[in-house]
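Working notes, beginning with the structure itself.
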Amino acid sequence: MTLRLKGTLDGQTARLLRSSLDALGTTREVEVDFTHLREFRDSAVGVLTTGLVDRKVRMRGLDRHQQRMFRYFGLSLGETGSSNAYYRPEEVLA
């Protein structure tokens, strides 16, 4: 099942999305498509990760900043070969 998001994703809409994902249960494979969002507020990341840490949900359409934010909150997105998806401080200092 694919959930395609449009408009703005903020804390309130992230809670609605998390409720929808909870209602689907853990037996369904779910992909969340962020491609068509006009705005993705960082506050949504904290709300979403609390419900996604123990689930296998694929995410599509995240930019580098959003991917990095999910990683900061402990959610591994499972990208392979994405060593340049975010900066590493040691690379900046070199």
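Do we find a residue being touching a Lys or Arg at 6+ places or on another chain (Cβ under 8 Å) and either in contact (Cβ under 8 Å) with a residue 60 or more places away in the chain or part of a helix (DSSP H, G or I) (or both) anywhere in region 23-31?
Step one: filter region 23-31 for residues touching a Lys or Arg at 6+ places or on another chain (Cβ under 8 Å), giving 26, 29-31.
Those left that are additionally either in contact (Cβ under 8 Å) with a residue 60 or more places away in the chain or part of a helix (DSSP H, G or I) (or both): none.
Scanning region 23-31 turns up no residue that is touching a Lys or Arg at 6+ places or on another chain (Cβ under 8 Å) and either in contact (Cβ under 8 Å) with a residue 60 or more places away in the chain or part of a helix (DSSP H, G or I) (or both).
Can you tell me which residues in region 1-15 are of a type in the set (A, V, I, L, M, F, W, C), farther than 20 Å from G74 by Cα and either surrounded by 11 or more Cβ atoms within 10 Å (Cβ to Cβ) or touching a Cys at 6+ places or on another chain (Cβ under 9 Å) (or both)? Spell out the reasoning first.
Of all residues in region 1-15, those of a type in the set (A, V, I, L, M, F, W, C) come to 1, 3, 5, 9, 14.
Then drop every residue that is not farther than 20 Å from G74 by Cα, which leaves 1, 3, 5.
Within region 1-15, L3, L5 qualify.
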Query - Residues located in region 32-58, provided they are touching a Phe, Trp or Tyr at 6+ places or on another chain (Cβ under 8 Å) and either at pLDDT 90 or above or assigned to a loop (DSSP other than H, G, I, E, B) (or both) - result: F34, F40, V45
Query raised in the report: In region 31-77, what count of residues is obtained for those that are of a type in the set (S, T, Y), surrounded by fewer than 18 Cβ atoms within 10 Å (Cβ to Cβ) and under 18 Å from S19 (Cβ atoms)?
Result: 2
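The values are calculated or read from the model by the stated rules, or taken from the named source; none is laboratory data. None of the values given here were measured: they were computed from a predicted structure. Backbone-built Cβ (ideal geometry, glycine too); neighbour counts: all protein chains shown.
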